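Reviewing the structure listed below.
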Amino acid sequence: MNSAQCYSILADETADIANIEEVALCARYLDKKNMIIKEEFIQFIPTIDTTGKGLATLILESLHTFGIETKYMRGQGYDGAAAMSGEFNGVQALIRKTHPLAFYVHCSAHVLNLAVSNSCKVHGIRNCLETISKARDFFIFPKRKDILKTQIENSDEKISKKSLKRLCATRWIERYHAVNDFEELFEQVIESLNLISEWKDVETSSQASNLRSAILEGEFIISMLIVAKCFSVGLLLSKHLQRVNIDLGEAIKLAEDTVKELEGFRKNADSTFQNIFENAVCLGNTFDVNISIPRTTKRQTNRVNVKTDSIEVYYRIAIFIPYIETFIEQLKARFTSDKSILANFNSLVSLNMDEKKLLSLTETYMEDLCSTSKTVLLSEYNLYS
């Protein structure tokens, strides 16, 4: 790190199994010998002072202890917590008082996490995720889990999933796997709940019956399919943002590509949601679920009160469009702020970057986002150059 004469510090707080607060300290730098970006874990450092001042002092003192020259620090990467990102008393602000060249960049993966988290506050989506979480917790007990396992093994369908996944409490985009697995095991979950609801254990059977009723709701089924579709787009971005060799410019570009993908959903909301709704109706018919419009009143302030006789139109306006629009707005607002930092480095970027090199930066990502046209990328290149 000293020989590189330029590095960034990455840090985050966490608690170990003994509930001792620790700071995970990492560094990102250029290996000049091999000309590759490296991202190395340094150490877990116990702390009792989690204020901005306490953490800033801890980071600087730890670097000096390890023999790392802090005068070469050129970047700071933390989450958006006030203690870390605060403008006046946050870690980044206090470190910049003595190391003004150490720019702070909010962790892009964490930014995406916040965007997804806020978009999931839409009423139907929030309730759907809570129900999936309850279902997973319900089947975590061995006896109940065996019932689900037996249903999966006896199924005539080829099922790759063997159990329900936990909804990650911190990485919201990783909830895609939990939602996707739940969708695949939907039939087996319902069959298992039917069996458990007949047990003599009143408490357990009552929980199974209530959970089954919550799952076999039209709003739940539609919300589940909406989340599965949109999370699949965000998941690709999340994986790319966690690559060691990604840079800020590429992160912003990939975020903008994801926004375009979501804007495509919004622009073609009628046809996009029509497919989701048809799949929801098909799934509902399998379990005799009649998807209908919830009871509405003339004046309603606590939930959506769309005036329409069309079930498809109601759920498109009540859940799909608000969720997509919130997701888009959050991504735009949270990733736009990094452009001002990137603008300071424009003089280091070659304006003669050839077309092949530009395309190679997003080749892997573009393969996943098949619907994003390469002609769009080329037109943006022409504008850029």
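Please go through region 38-57 and give me each residue that is open to solvent by 70 Å² or more (accessible area, probe 1.4 Å) and either closer than 15 Å to Ser8 by Cβ or in a strand (DSSP E or B) (or both), ordered by number.
Within region 38-57, Glu39, Glu40, Phe41, Gln43, Phe44, Pro46 qualify.
Please count how many residues of region 18-55 are in contact (Cβ under 8 Å) with a residue 40 or more places away in the chain and either of a type in the set (S, T, N, Q) or in contact with a strand residue (DSSP E or B) (Cβ under 9 Å, 6 or more places away or on another chain) (or both).
7
What is the number of the single condition among (1) open to solvent by 50 Å² or more (accessible area, probe 1.4 Å); (2) at pLDDT 95 or above; (3) within 22 Å of Ser232 (Cα to Cα) that Lys121 does not meet?
(2)
Out of all the residues in region 282-296, is one or more closer than 30 Å to Lys38 by Cα, of a type in the set (Ser, Thr, Tyr) and either open to solvent by less than 80 Å² (accessible area, probe 1.4 Å) or touching a Phe, Trp or Tyr at 6+ places or on another chain (Cβ under 9 Å) (or both)?
Scanning region 282-296, I find no residue that is closer than 30 Å to Lys38 by Cα, of a type in the set (Ser, Thr, Tyr) and either open to solvent by less than 80 Å² (accessible area, probe 1.4 Å) or touching a Phe, Trp or Tyr at 6+ places or on another chain (Cβ under 9 Å) (or both), so the answer is no.
Need the failing condition index for Ile190 against (1) open to solvent by 50 Å² or more (accessible area, probe 1.4 Å); (2) over 30 Å from Tyr78 (Cα atoms); (3) of a type in the set (A, V, I, L, M), just the number.
Result: Ile190 passes all but (1).
Can you tell me which condition Glu69 does not meet? The list is (1) modelled with pLDDT of 90 or more; (2) in contact with a Phe, Trp or Tyr (Cβ under 7 Å, 6 or more places away or on another chain), and all the others hold.
With respect to (1) modelled with pLDDT of 90 or more; (2) in contact with a Phe, Trp or Tyr (Cβ under 7 Å, 6 or more places away or on another chain), Glu69 is out only on (2).
Give the residue, chosen from Arg96, Arg126, Arg74, Arg144, that is of a type outside the set (A, V, I, L, M, F, W, C), out of contact with any Gly (no Cβ under 8 Å at 6 or more places or on another chain), surrounded by fewer than 19 Cβ atoms within 10 Å (Cβ to Cβ) and touching a residue at least 24 places away in the same chain (Cβ under 8 Å).
Arg74
Quick one: count up the residues across region 218-246 that are part of a loop (DSSP other than H, G, I, E, B) and either open to solvent by less than 20 Å² (accessible area, probe 1.4 Å) or in contact (Cβ under 8 Å) with a residue 60 or more places away in the chain (or both).
4
So, Phe88, is that one open to solvent by 30 Å² or more (accessible area, probe 1.4 Å) and either over 27 Å from Asn19 (Cα atoms) or over 29 Å from the mean Cα position of the chain (by Cα) (or both) or not?
Values: open to solvent by 30 Å² or more (accessible area, probe 1.4 Å): yes; either over 27 Å from Asn19 (Cα atoms) or over 29 Å from the mean Cα position of the chain (by Cα) (or both): yes.
Spelling it out, Phe88 is indeed open to solvent by 30 Å² or more (accessible area, probe 1.4 Å) and either over 27 Å from Asn19 (Cα atoms) or over 29 Å from the mean Cα position of the chain (by Cα) (or both).
Tell me whether region 307-319 contains one or more residues that are of a type in the set (A, V, I, L, M, F, W, C) and either touching a Pro at 6+ places or on another chain (Cβ under 7 Å) or buried (at least 19 other Cβ atoms within 10 Å of the Cβ) (or both).
Looking through region 307-319, at least one residue is of a type in the set (A, V, I, L, M, F, W, C) and either touching a Pro at 6+ places or on another chain (Cβ under 7 Å) or buried (at least 19 other Cβ atoms within 10 Å of the Cβ) (or both).
The values are calculated or read from the model by the stated rules, or taken from the named source; none is laboratory data. All values reported here derive from a predicted model rather than from experimental measurement. Neighbour counts run over all protein chains shown; Cβ positions are idealised from the backbone, glycine included. Quick note on the areas: whole protein, heavy atoms, side chains included, nothing else; ligands and nucleic acids left out. Shrake-Rupley method; radii C 1.70, N 1.55, O 1.52, S 1.80 Å.
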